[in-house]
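In what follows, a structure is listed as structure tokens, so that the remarks can point back to it.
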Amino acid sequence: MPDEFEPTAHELLAGELTAAMLHDHQGADDQLPPALAARITATGEALVRARTVPPITAPAAPAHRGRRSWTAWSGWLAAAALLAIVVRAPRPDAPSAGTPGIVDPVAALRDSLLADSTLLRRSWTVTTDSAATSATGEVIWDARTQRGVMRFAGLAPNDRARWQYQLWIFDKARDERYPVDGGVFDIPANGGEVLVPIRARLPVGDAVLFAVTVEKPGGVVVSTRERIAVLAKI
């Protein structure tokens, strides 16, 4: 609401409309009192113009006088209702108390997977690699849907311009020299818990080991496994 209008302006206008309508029952004519009509029109147009929508236009004066009908009031009541809505409407930049927060899709995926008791769930085992000395967390994997999520805490943040983490999934039915690439990911330097979705490049039949290695930016096709940060054996 513009600063020049008081918060209760719509209440004063509503009161004046009520008074005018009560006066109608005492035999007033069809026309709205000129002063009140002018004030409602000017105030409503000023408020609505401030919100870049078409201004409220006063209805044409009726051609006859006599007993006032509710139809004659309809235009003014609609204008007053719109004015009240505009005054009460929150600013576009004001947060709504009832608006739910943004849902993290990876967290939602993890929650949905945890509802299934048949999935694989293992804690990470750290190695002597400097990136993982304080790492904790777990990996969950659903073989049926080929989806999974890794959780990390304490894994060293990486400079993605120099190196990245890469997941490898060892499948019992495949040659162990060529595990399935599970995706490249980063750990931000915020010190908090990180959830990472698993993106298997090939179907995994029977997962027996998950390993996270340190690789060059963008990852590799075949890892030398010189730097293994964490492992999760099934």
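The values are calculated or read from the model by the stated rules, or taken from the named source; none is laboratory data. It should be emphasised that the depicted structure is a prediction, and the values quoted were computed from it without experimental measurement. Note that each Cβ is placed from the backbone with ideal geometry, even for glycine, and that neighbours are counted across all protein chains shown. All accessible areas refer to the heavy atoms of the entire protein, side chains included, with ligands and DNA or RNA removed. Shrake-Rupley method; radii C 1.70, N 1.55, O 1.52, S 1.80 Å.
Counting only residues that are open to solvent by 30 Å² or more (accessible area, probe 1.4 Å) and closer than 23 Å to R110 by Cβ, how many does segment 167-181 have?
Total meeting the criteria: 1.
So A211 passes all but one of these: (1) in a strand (DSSP E or B); (2) open to solvent by 20 Å² or more (accessible area, probe 1.4 Å). Which condition number does it fail?
With respect to (1) in a strand (DSSP E or B); (2) open to solvent by 20 Å² or more (accessible area, probe 1.4 Å), A211 is out only on (2).
Looking only at segment 182-206, filter to residues that are over 17 Å from V222 (Cβ atoms) and assigned to a strand (DSSP E or B); which one of those is most open to solvent (accessible area, probe 1.4 Å)?
So, considering only residues that are over 17 Å from V222 (Cβ atoms) and assigned to a strand (DSSP E or B), the one most open to solvent (accessible area, probe 1.4 Å) is L195.
Every residue, every condition in (1) open to solvent by less than 80 Å² (accessible area, probe 1.4 Å); (2) among the β-branched types (V, I, T); (3) over 22 Å from G219 (Cβ atoms), yes or no:
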{"position": "T118", "(1), (2), (3)": "no, yes, yes"}
{"position": "T128", "(1), (2), (3)": "no, yes, yes"}
{"position": "A132", "(1), (2), (3)": "yes, no, no"}
{"position": "T136", "(1), (2), (3)": "yes, yes, yes"}
{"position": "D142", "(1), (2), (3)": "yes, no, yes"}
{"position": "Y165", "(1), (2), (3)": "yes, no, no"}
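Going through segment 214-234 one residue at a time, which ones are open to solvent by 90 Å² or more (accessible area, probe 1.4 Å) and not in a loop (DSSP other than H, G, I, E, B)?
Answer for segment 214-234, where residues must be open to solvent by 90 Å² or more (accessible area, probe 1.4 Å) and not in a loop (DSSP other than H, G, I, E, B): just K233.
Considering only segment 177-204, how many residues are modelled with pLDDT of 95 or more and of a type in the set (D, E)?
Of the residues in segment 177-204, 2 are modelled with pLDDT of 95 or more and of a type in the set (D, E).
Which residue is nearest to D116 (Cα to Cα), if the candidates are limited to segment 141-170 and must be of a type in the set (S, T, N, Q) and assigned to a loop (DSSP other than H, G, I, E, B)?
T145
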